[in-house]
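To start, the structure itself, in structure tokens.
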Amino acid sequence: MQKGIVIKSTGSWYQVRLENEEEWKCRIMGKFRLDGMKVTNPVAVGDEVQIEIEDEVEGTALIKKILPRRNYVIRQSPRKKHFLHLLAANVDQAMVIVTIIEPMLKQGFIDRFLLMTEPYNIPTVIVFNKADLYGEDEFAMFDYMKAIYENIGYTVVLVSATDDIGRENFKAVLKDKITLVAGQSGVGKSTLVNSIQPHLDLRAFELSDYSGKGQHTTTFAEMFQLDFGGAIIDSPGIKTLGFNHLKPMDVVHNFREIFQVSHDCKFGNCTHRNEPHCAVKEAVEKGEISELRFINYLQLLDEIEDQNYWERHKG
């Protein structure tokens, strides 16, 4: 048995790099589950595994064991609504790339992404790309967003893939860390990464078909080494993020500024909607908590509550 790290997933096969830099094409041997949850891919890019050589000529091996994970990033499967999809494992940080225009900013997507990483205490960086296209209104919107997220402890970076805006900051954030990089289609993620690390064969090209139809082959991740230190795990363009595995109180606990203020609520199980003497609602009214974030919080709470028992537990 030899130890390695999963660097690429294609669904039924996994590329594993051993400690001696050899790479093997691997299949799964046996059944693996994730904390009792149903997953479409039990092995993730970033997983440390033990493999057994199957065919030296063909370069194939069997994954016999997944070593304990430091963390993982998971979401609702985009294809099998009652299953979960592992995006990555054992990351130092996550990065969500967005832009103010082309396409227009979907601020709710940022909060959905943070709800995916926050439960596992994964530091997350918010990157605003395409700064070269911003005018006065777009820069004002960026400043507004930057204030919201930096005030609650997230790192925010402004960058352009085509102009020399913020690229050194972008590189510095990535240096010597394993980073899951994700973003919705069209935000220029591939161009941006290639601007600091040329010739990477990112498979997550910008989708011309915004419905995502016919693009299911791009739902798997891949790890790329960076010349200046560290690695990125490239997650193809994410259209939506669902949370069939979360409960309402998971939302309450993982909007960090809401959770911090909630200790002053009258009721310990306060959801900050209609309960009396709610410290969170008072903080929103005073402008101490972003109203935008609070609206997204309420929407996510409703969405998760609306997923009934059958939807959550039947395959």
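The values are calculated or read from the model by the stated rules, or taken from the named source; none is laboratory data. On a predicted model such as this, the values are computed, not experimentally measured, just so you know. All Cβ positions, glycine included, derive from the backbone under ideal geometry; neighbour counts span all protein chains shown.
Data for the structure
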{"read-out": "Residue list for segment 117-141, filter: among the aromatic types (Phe, Trp, Tyr), over 21 Å from the mean Cα position of the chain (by Cα) and not in a loop (DSSP other than H, G, I, E, B)", "value": "Phe139"}
{"read-out": "Count of segment 101-130 residues which are more than 27 Å from Asp302 (Cβ to Cβ) and β-branched (Val, Ile, Thr)", "value": "3"}
{"read-out": "Verdict on Asn244 being modelled with pLDDT of 95 or more and crowded, with 17+ Cβ neighbours inside 10 Å", "value": "no"}
{"read-out": "Residues of segment 41-72 satisfying the condition of being under 17 Å from the mean Cα position of the chain (by Cα), over 17 Å from Gln15 (Cα atoms) and of a type outside the set (Phe, Trp, Tyr)", "value": "Arg69, Arg70, Asn71"}
{"read-out": "Residue in segment 94-108 that is part of a strand (DSSP E or B) and over 19 Å from the mean Cα position of the chain (by Cα) present", "value": "no"}
{"read-out": "Failed condition for His272, given (1) modelled with pLDDT under 95; (2) on the phi > 0 side of the Ramachandran plot", "value": "(1)"}
{"read-out": "Some residue of segment 61-71 being without any contact (Cβ under 8 Å) to a residue 12 or more places away in the chain, exposed (fewer than 15 other Cβ atoms within 10 Å of the Cβ) and not small (Gly, Ala, Ser)", "value": "yes"}
{"read-out": "Filter result for Phe267 (at pLDDT below 95, surrounded by fewer than 16 Cβ atoms within 10 Å (Cβ to Cβ) and either within 19 Å of Asn121 (Cα to Cα) or not polar (S, T, N, Q) (or both))", "value": "yes"}
{"read-out": "Per-region count, segment 183-199, residues surrounded by fewer than 17 Cβ atoms within 10 Å (Cβ to Cβ) and touching a helix residue (DSSP H, G or I) at 6+ places or on another chain (Cβ under 6 Å)", "value": "0"}
{"read-out": "Any hit, segment 128-142, residues being within 30 Å of Thr162 (Cβ to Cβ) and at pLDDT below 90", "value": "no"}
{"read-out": "Residues within segment 90-123 that are crowded, with 23+ Cβ neighbours inside 10 Å and touching an Asp or Glu at 6+ places or on another chain (Cβ under 8 Å), tallied", "value": "1"}
{"read-out": "Residue that is farthest from Leu292 (Cα to Cα) [pool: residues in segment 125-182 that are of a type in the set (Ser, Thr, Tyr) and in contact with a helix residue (DSSP H, G or I) (Cβ under 6 Å, 6 or more places away or on another chain)]", "value": "Thr162"}
